[in-house]
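**Student:** Sharing a structure below in structure tokens format, with a few things to ask.
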Amino acid sequence: MNTDQLAVMSSKYLMNTYRRLPVSFVKGDGYKLTCSDGKTYIDFLAGIAVNNLGYSNDKIVESIKKASERPIHVSNLYMIEEQARLAQKYIENSCLDKAFFGNSGAEANEAAIKLARKYSEDHYGHNRYKIVTLEGSFHGRTMATITATGQKRFHNYFNPFLDGFIYAEPDNFEKTIALIDNSIAAVMVELVQGEGGIRPLSKVYVENLYQYCRENNIIFMVDEIQTGMGRTGKLFAYQHYNIEPDIITVAKAAGGGLPIGVMLAKEKYAESFTPGTHASTFGGSPFVCSVACSFFDELISGGYLKNAEIMGKYLIGQLNDLRERFKEKILDVRGLGLLIGVEMTGTLASEFYRFAFDHRLLIGTAGSNVARFEPPLMIDKTAADFAITLLERFLNGKD
Ligand SMILES: Cc1ncc(COP(=O)(O)O)c(C=O)c1O
């Protein structure tokens with residue numbers, strides 16, 4: 001089927017929820033994607049922070065083949081060895097004690113919100129259920145997680161939204177703690193706000209807020225759905241800070257491309273979930289967990305974290321050089337590891353999104369004016385220089 005035929009068919013049969021570019025990919029290798037008419041693109045979006053090991057990684061392909069020969073799904077009514085093994089990897093590599101598996105980021109956050117409320121109800125009664133999130137945050141598209149999302153533009157159409165979420169100004173410690181009273185069960189933050197414009201929170205704010213939560217028995221939750229699994233150069237972004245969160249959520253890259261959501265909690269909170277309080281039909285299937293185990297091992301042992309740190313620094317350095325030269329077009333360069341945003345004036349970020357696509361570079365946007373670079377973690381200098389050169393050409397007004 002050619003691209004035009006596919007466009008007609010997609011608009012006839014699919015709900016109109018995405019603005020899709022006119023391309024369909026049929027082959028992937030490392031950080032390159034090839035489309036149906038044979039053109040190859042350099043991928044600087046990685047399926048929106050999912051394909052951290054790029055495409056067709058040998059270990060992932062092999063594990064998919066192997067896992068498909070065993071039962072793909074059995075239900076959580078039975079023990080699942082792959083699920084227990086995956087949980088062990090998470091626990092041994094984090095400050096958390098117990099895992100719950102679902103199928104997406106929003107579901108992982110739903111589970112975290114439910115666990116925080118349940119723990120609070122168990123220990124403090126009915127009235128301590130509210131959660132402080134940050135302005136500019138993004139936590140998902142379900143009713144609870146869209147309410148948790150601290151951006152007004154998401155709070156339309158679907159009334160009524162949930163009770164129990166209040167929004168604090170990021171990096172303003174005094175204003176944040178002024179919102180905390182006896183009704184607050186938890187605080188939930190993204191350490192680098194992704195959809196909100198690739199905005200890392202300041203170290204001092206995060207560590208002060210964490211300390212305050214410690215001292216006041218407020219659950220400190222970190223949404224690592226985008227920042228986790230090596231994206232920032234460490235396994236989890238919280239490891240850049242001097243903190244040990246009570247609950248973290250992970251998704252996106254964690255399944256090596258397969259759908260997964262993970263909620264990890266310290267023992268004392270995890271105890272509040274008992275049989276019947278939370279569940280998922282598909283969550284933690286042998287198939288997904290088996291591939292997720294291979295992804296985890298390859299991520300840790302394959303040098304990806306170090307490369308994300310090195311290439312992230314290189315890209316941010318190059319982007320800052322461009323910023324010096326094009327001050328009237330680039331307002332800011334921000335990020336951590338390979339989660340990088342370039343804030344641009346006016347509509348330049350979305351114009352660059354299209355320019356890049358037309359020149360076979362896939363990037364994203366975040367917020368209204370940020371170009372977003374989230375490549376697979378094994379990109380090399382050739383790929384980075386390709387992206388930088390294209391941006392330079394765009395800024396120079398060249399075709
Ligand atoms: C920080 C963060 N939290 C939650 C989500 C929701 O994840 P999902 O789309 O898998 O439900 C996203 C997705 O972009 C995200 O970036």
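The values are calculated or read from the model by the stated rules, or taken from the named source; none is laboratory data. It should be emphasised that the depicted structure is a prediction, and the values quoted were computed from it without experimental measurement. Note that we place each Cβ from the backbone using ideal geometry, even for glycine, and neighbour counts take in every protein chain shown.
**Student:** Checking Pro259 against (1) in a helix (DSSP H, G or I); (2) within 16 Å of the ligand (Cβ to nearest atom), which test does it fail?
**Tutor:** Pro259 satisfies every listed condition except (1).
**Student:** Determine whether Met221 is more than 19 Å from Arg128 (Cα to Cα) and touching a helix residue (DSSP H, G or I) at 6+ places or on another chain (Cβ under 8 Å). Before you say what the answer is, go through the steps one by one.
**Tutor:** Details: more than 19 Å from Arg128 (Cα to Cα): no; touching a helix residue (DSSP H, G or I) at 6+ places or on another chain (Cβ under 8 Å): yes.
Spelling it out, it is not the case that Met221 is more than 19 Å from Arg128 (Cα to Cα) and touching a helix residue (DSSP H, G or I) at 6+ places or on another chain (Cβ under 8 Å).
**Student:** Within region 133-147, track down each residue that is in contact with an Asp or Glu (Cβ under 9 Å, 6 or more places away or on another chain) and within 9 Å of the ligand (Cβ to nearest atom).
**Tutor:** Hits for region 133-147 are Ser137, Phe138, His139, Gly140, Thr142, Thr145.
**Student:** Based on what the data block shows, is Phe158 under 28 Å from Gly256 (Cα atoms), among the hydrophobic types (A, V, I, L, M, F, W, C) and within 16 Å of the ligand (Cβ to nearest atom)?
**Tutor:** no
**Student:** Would you pick out the residues in region 263-274 that are within 30 Å of Ala46 (Cα to Cα) and either touching a Ser or Thr at 6+ places or on another chain (Cβ under 7 Å) or free of Cβ contacts under 8 Å to residues at least 40 places away in the same chain (or both)?
**Tutor:** The answer is Met263, Leu264.
**Student:** For region 17-67, give me every one of the strands (runs of 3 or more DSSP E) that falls completely inside it and has 2 or more residues that are crowded, with 22+ Cβ neighbours inside 10 Å and either of a type in the set (A, V, I, L, M, F, W, C) or at pLDDT 95 or above (or both).
**Tutor:** Passing ranges, in order: 40-43.
**Student:** Further question on the same structure: If we keep just the residues of region 168-188 that are in contact with a helix residue (DSSP H, G or I) (Cβ under 9 Å, 6 or more places away or on another chain) and not aliphatic (A, V, I, L, M), which is nearest to the ligand (Cβ to nearest atom)?
**Tutor:** Pro170
**Student:** Going by the conditions given, is Tyr210 under 25 Å from Gly312 (Cβ atoms), of a type in the set (Ser, Thr, Tyr), assigned by TED's automatic domain parsing to the domain that holds Ala185 and surrounded by fewer than 21 Cβ atoms within 10 Å (Cβ to Cβ)?
**Tutor:** no
**Student:** Run down Arg372, Arg334 and say which single residue is closer than 25 Å to Phe236 by Cα, in contact (Cβ under 8 Å) with a residue 24 or more places away in the chain and in contact with a Ser or Thr (Cβ under 9 Å, 6 or more places away or on another chain). Before the answer, list the steps.
**Tutor:** Values: Arg334 fails: in contact with a Ser or Thr (Cβ under 9 Å, 6 or more places away or on another chain).
Going through Arg372, Arg334 in turn, the sole match is Arg372.
**Student:** Go over the candidates Thr382, Thr365 one by one and state the one that is without any contact (Cβ under 8 Å) to a residue 24 or more places away in the chain and surrounded by 16 or more Cβ atoms within 10 Å (Cβ to Cβ).
**Tutor:** Going through Thr382, Thr365 in turn, the sole match is Thr365.
**Student:** Hey, another quick one. Of the residues Ala254, Ala292, which is touching a strand residue (DSSP E or B) at 6+ places or on another chain (Cβ under 8 Å) and in the same structural domain as Ile113 (by TED's automatic domain parsing)?
**Tutor:** One residue alone meets the criteria, Ala254.
**Student:** Of all residues in region 215-244, how many are among the polar types (S, T, N, Q) and on the phi > 0 side of the Ramachandran plot?
**Tutor:** Of the residues in that region, 1 qualify.
**Student:** Let me ask something else. Tell me, yes or no, whether region 18-37 has at least one residue that is outside the structural domain of Gly335 (by TED's automatic domain parsing) and in contact with a Gly (Cβ under 6 Å, 6 or more places away or on another chain).
**Tutor:** No, every residue in region 18-37 fails to be outside the structural domain of Gly335 (by TED's automatic domain parsing) and in contact with a Gly (Cβ under 6 Å, 6 or more places away or on another chain).
**Student:** If you check Ile243, Ile225, Ile218, which single one turns out to be crowded, with 18+ Cβ neighbours inside 10 Å and in contact with a Ser or Thr (Cβ under 6 Å, 6 or more places away or on another chain)?
**Tutor:** Ile225
**Student:** A further question follows. From Ile42, Ile80, Ile91, grab the single residue that is hydrophobic (A, V, I, L, M, F, W, C), outside the structural domain of Pro275 (by TED's automatic domain parsing) and touching a residue at least 24 places away in the same chain (Cβ under 8 Å). Working first, answer last.
**Tutor:** Numbers: Ile80 fails: outside the structural domain of Pro275 (by TED's automatic domain parsing); Ile91 fails: outside the structural domain of Pro275 (by TED's automatic domain parsing).
Unique residue meeting the criteria: Ile42.
**Student:** Might you check whether a residue that is charged (D, E, K, R) and touching a helix residue (DSSP H, G or I) at 6+ places or on another chain (Cβ under 6 Å) occurs anywhere in region 189-209?
**Tutor:** Within region 189-209 (the criterion being charged (D, E, K, R) and touching a helix residue (DSSP H, G or I) at 6+ places or on another chain (Cβ under 6 Å)), the answer is no, since none of the residues qualifies.
**Student:** Select from region 39-69 the residues that are more than 16 Å from the ligand (Cβ to nearest atom) and in contact with a Pro (Cβ under 6 Å, 6 or more places away or on another chain) and write down the one among them that is farthest from Phe296 (Cα to Cα).
**Tutor:** Ranking the qualifying residues of region 39-69, first place goes to Phe44.
**Student:** Another question about this same structure. Can you pull out every residue in region 83-132 that is within 11 Å of the ligand (Cβ to nearest atom) and touching a strand residue (DSSP E or B) at 6+ places or on another chain (Cβ under 7 Å)?
**Tutor:** If the condition is that a residue be within 11 Å of the ligand (Cβ to nearest atom) and touching a strand residue (DSSP E or B) at 6+ places or on another chain (Cβ under 7 Å), then Gly102, Asn103, Ser104, Gly105, Glu107, Ala108, Asn109, Ala112 are the ones that fit.
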